[in-house]
Amino acid sequence: MSTADEPSAGRQLVEEHVSTGRWPHPNDRPCHDCRHVWFEGERSHAYDVDHLDQPPDDPADVHVVCVLCHDQRSFERGEETGGEWRKHW
């Protein structure tokens with residue numbers, strides 16, 4: 001398991017996919033859990049892949065969640081988070 005300073009292999013791959021345009025930016029999709037829609041100044045969204053070693057090939061198969069819902073999911077999985085779970089895109 002990675003630490004807050006060391007992103008998971010899944011997170012690294014997703015960040016590469018987003019930065020190269022292969023996957024849509026997570027802020028372009030609503031939060032899967034609470035349906036929050038991002039706009040400037042709002043809480044950001046991220047693909048929920050921290051617990052995966054390898055994300056699926058299709059971004060539609062990965063849930064996008066907002067900061068609050070990601071924290072809740074991490075808590076439910078018993079993960080220790082340092083608050084830095086997403087890249088600052």
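We did not get these values from a lab; they are worked out from the coordinates using the rules stated. The structure presented is a predicted model; accordingly, all values stated were derived computationally and were not measured. With ideal geometry, Cβ positions are generated from the backbone for all residues, glycine too; neighbour counts draw on all protein chains shown.
Taking the criterion of being exposed (fewer than 14 other Cβ atoms within 10 Å of the Cβ) and in a helix (DSSP H, G or I), the residues of segment 49-71 that qualify are 60, 61, 68. Can you confirm whether residue 46 is among the small types (Gly, Ala, Ser) and in a helix (DSSP H, G or I)? In short, no.
Which of the residues belonging to segment 4-46 are hydroxyl-bearing (Ser, Thr, Tyr) and either over 15 Å from residue 71 (Cβ atoms) or over 11 Å from the mean Cα position of the chain (by Cα) (or both)?
Filtering segment 4-46 down to residues hydroxyl-bearing (Ser, Thr, Tyr) leaves 8, 19-20, 44.
Within segment 4-46, 8, 19, 20 meet the criteria.
Residues in segment 7-42 that are closer than 17 Å to residue 63 by Cα, among the β-branched types (Val, Ile, Thr) and without any contact (Cβ under 8 Å) to a residue 60 or more places away in the chain: 2 in all. Find the residue count for segment 1-43, including only residues that are surrounded by 16 or more Cβ atoms within 10 Å (Cβ to Cβ), of a type in the set (D, E, K, R) and outside any loop (DSSP other than H, G, I, E, B). Final tally of qualifying residues: 2.
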